[in-house]
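Novice: Let me begin by handing over the structure; questions about it come next.
The values are calculated or read from the model by the stated rules, or taken from the named source; none is laboratory data. As the structure is a prediction and not an experimental result, all values here were calculated from the model. Cβ sites come from the backbone with ideal geometry, for glycine too, and all protein chains shown count toward neighbours. Surface accessibility is based on the protein's heavy atoms, side chains included, excluding ligands, DNA and RNA. Shrake-Rupley method; radii C 1.70, N 1.55, O 1.52, S 1.80 Å.
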Amino acid sequence: MSTHTELDLSAITAAGWTTRADFTDAEYARAQAFYASMRVHDEHLLALRARASEMIRELTGREPRDVGSLGTRLNLETSDLDLGIGYPEDDRDHLMQVLADRATFLGERKTSFSTTRLVFSFELEGVEVDLSALTEEDFTVACRMLDQIDESMTEEERVCHLWVKHLLRSSGRIDDYAKWKLNTYARFCPEFNWVPIPEKTA
């Protein structure tokens, strides 16, 4: 799809948010068409998510939640799946053992300004699945945030946000793209430390 745009991407990224008021009718029509084209992938990705969730549930005994862009309906065609679970901090060694032969350990990352999460990755039918094991308290906060996004973010806002995300990535503005992906989460959950993951911006 064409990446022609009348938007001032620098102004929008500086503001950290975008609305329909930033768009001409023609620009919004392009954004709507792009958003619809991404929704075509939903059925396949949701089926993969169900399979990945079942595997995680069986291995960890925990109920996973989609904490990524598919769950917020802000995914590009290249987006991976991001699932999260709440897991006791004092039992993380056991989790590492359980997942040792099933997933690659990517590292321990900051979640809030005082807590961390363990991140694992595996592949399912060519799609990367990242699993974050948050503290149980952080997982509760994350679920609350996701519920708020689901209830409060309008389709119009999703259309606008995803179009800017697409434009930034397509134009090679990878640093801006990496930050933009996190804006929705930061807007609804300032408690967490929202910073781009280095290997995801390479």
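Novice: Report in % the part of the accessible area of the range 86-177 that belongs to carbon and sulfur, leaving out ligands and nucleic acids; probe 1.4 Å. Could you put the intermediate results ahead of the total?
Specialist: Details: 1940 of 4590 Å².
C and S atoms contribute 42 percent here.
Novice: Fully extended, how many nm does the chain gain between E125 and S152 (0.36 nm per residue separation, minus their Cα-Cα distance)?
Specialist: Working: separation 27, 0.36 × 27 = 9.72 nm, distance 3.27 nm.
Result: 6.4 nm gained on full extension.
Novice: Provide Rg and Dmax in Å for the range 1-108, with only Cα atoms included in the calculation.
Specialist: Looking at the range 1-108, its Cα Rg and Dmax stand at 18.9, 54 Å.
Novice: In square angstrom, rounded to the nearest 10, how much accessible surface does D175 have for a 1.4 Å probe?
Specialist: 110
Novice: Additional query: Using a Gaussian network for the chain with springs between C-alpha atoms less than 10 Å apart, which of these wobbles most: R62, R49, R173?
Specialist: So, out of R62, R49, R173, the one fluctuating most is R173.
Novice: Once R0 is set to 30 Å, what does the formula 1/(1 + (r/R0)^6) return for the Cβ-Cβ distance between Q97 and I197, expressed as a FRET efficiency to the nearest 0.05? Could the numbers behind the result be given before it?
Specialist: Working: r = 24 Å, r/R0 = 0.81.
The calculated FRET efficiency here is 0.75.
Novice: When ligands, DNA and RNA are left out and all protein chains stay put, how many square angstrom of accessible area per residue does the range 1-145 have with a 1.4 Å probe?
Specialist: With the other protein chains kept in place, the range 1-145 gives 51 Å² per residue.
Novice: Also, quick follow-up: Arrange the residues E125, E58 by how much accessible surface each exposes, largest first, with a 1.4 angstrom probe. Before the final figure, lay out the partial values.
Specialist: On the way: E125 115, E58 140 Å².
Per-residue accessible area, sorted high to low, gives E58, E125.
Novice: Quick one: check the C-alpha center-to-center distance for the range 89-125 versus the range 180-197, whole angstrom.
Specialist: Between the Cα centres of the range 89-125 and the range 180-197 lies a distance of 20 Å.
Novice: Right, something else. Contact order normalised by length for the chain, with contacts defined as Cα pairs under 8 Å and 6 or more residues apart; what percent is it? Working shown, then result.
Specialist: Numbers: 242 pairs, mean separation 46.0, N = 202.
Normalised by residue count, the contact order of the chain is 23 percent.
Novice: Run the accessible area of the range 1-79 with a 1.4 Å probe and give the carbon-and-sulfur part as a rounded percent.
Specialist: Here it works out to 52 percent.
Novice: To two decimal places, what compactness ratio does the range 122-165 give when its Cα radius of gyration is scaled by 2.2 N^0.38 Å?
Specialist: In units of the 2.2 N^0.38 Å rule of thumb, it is 1.55.
Novice: Starting from 0.36 nm per residue, how many nanometres of slack lie between R109 and T140 once their C-alpha separation is accounted for?
Specialist: Answer, rounded to one decimal: 9.4 nm.
Novice: Among A52, A31, A11, determine the one that fluctuates most according to a GNM of the chain built with springs between C-alpha atoms less than 10 Å apart.
Specialist: Maximum among the listed residues: A11.
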